[in-house]
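Working notes, structure below.
The values are calculated or read from the model by the stated rules, or taken from the named source; none is laboratory data. Small disclaimer: the values here were computed from a predicted structure and weren't measured. Cβ atoms come from the backbone with ideal geometry, glycine included; neighbour counts cover every protein chain shown. Remember, those area values only see protein heavy atoms, side chains included, never the ligands or the DNA or RNA. Shrake-Rupley method; radii C 1.70, N 1.55, O 1.52, S 1.80 Å.
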Amino acid sequence: MEKFASEAEALAYKLAEVLAEKSGRRSNFFKENCVRNTCYLRMNRYPPCPKPSEVYGLMPHTDSDFLTILYQDQVGGLQLIKDNKWIAVKPNPRALIINIGDLFQAWSNDMYKSVEHRVMTNPTVERFSTAYFLCPSYDAVIECSSECPAYRNFSFREFRQQVQEDVKKLGFKVGLPRFLNHLY
Ligand SMILES: O=C(O)CCC(=O)C(=O)O
Ligand SMILES: [Fe+2]
């Protein structure tokens, strides 16, 4: 698991740098602003569920980070939204899944999209996945790249607090729309 974490970490930085360069941003931003104590690894276990059409393994959501590196086993169940339809992400033992998170979407001024995804349950088989989340320090400021920024500047701390507050008060994450420029 430690090996997975350190390789996922190195890959996440590399990918973030390449994506930053493609969007015309400074690629060393991640090295300067991401820290080990906010990045994390999540091991997900989805027990078999007798009512798969009624119970999600994981509710539809976007990830609250820069970038996620995900490994899923052979069971399947991960789906993402494309053109308003849920598409299954076919398991491939030789591939990792890379998800853009909310912070990268804001930082790239919507050039990259934090895709909504969910996990369906399986009636008979247990499923496992492991995800590495690349996150900045709580004080890091997420600043839109454009002269016409879609989002106001916000710190990772502020973003997390807003997400937690929304989940507590409303029962769901509002996420990036809270930080849209025209709303404040
Ligand atoms: O289990 C999966 O395939 C997805 C996990 C996930 O989306 C997450 O941990 O945020
Ligand atoms: Fe996720």
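Okay, here's what the table says:
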| quantity | calculated |
| --- | --- |
| T62, T124, T38, reordered so the largest accessible area comes first (probe 1.4 Å) | T124, T62, T38 |
| Local net charge near I81, Cβ-Cβ under 14 Å (Lys/Arg +1, Asp/Glu -1) | +1 |
| Summed residue charge, Cβ within 15 Å of V18's Cβ, Lys/Arg positive, Asp/Glu negative | +3 |
| Accessible solvent surface per residue of region 1-60, calculated while the other protein chains remain in place, 1.4 angstrom probe, Å² | 69 |
| Most mobile listed residue (D166, D65, D110) in the chain, GNM with C-alpha springs under 10 Å | D166 |
| Probe 1.4 Å - accessible area at I100, Å² to nearest ten | 30 |
| Fraction of antiparallel bridges per DSSP, the chain only, in percent to nearest 5 | 100 |
| Cα gyration tensor category, rounded, prolate or oblate, for region 2-137 with a/c compared to 1.5 | prolate |
| Long-range amide H partners of V115 with built H, under 5 Å | I100 |
| Crossing angle, helix 156-170 versus the chain [Cα axis fit, 0-90 degrees, rounded to tens] | 50 |
| Length added when fully stretched, K51-D110, from 0.36 nm per residue minus Cα-Cα | 17.6 nm |
| Zone residues, region 1-44, relative to F128, backbone N less than 15 Å from point 7 Å out along Cα-to-Cβ | 1-5, 42-44 |
| Cα-based helix-to-principal-axis angle, 2-22 vs the chain, degrees rounded to 10 | 50 |
| Spin-label proximity, R157 to region 115-141 - amide N less than 20 Å from point 7 Å beyond Cα toward beta carbon | 135-141 |
| Estimated FRET transfer efficiency when R0 is 22 angstrom, pair K90-M1 (beta carbons, to 0.05) | 0.35 |
| Portion, in percent, of the accessible area of region 2-137 that falls on carbon or sulfur, probe 1.4 Å | 55 |
| Solvent exposure, largest accessible area first (probe 1.4 Å, DNA, RNA and ligands not counted), of K85, K168 | K168, K85 |
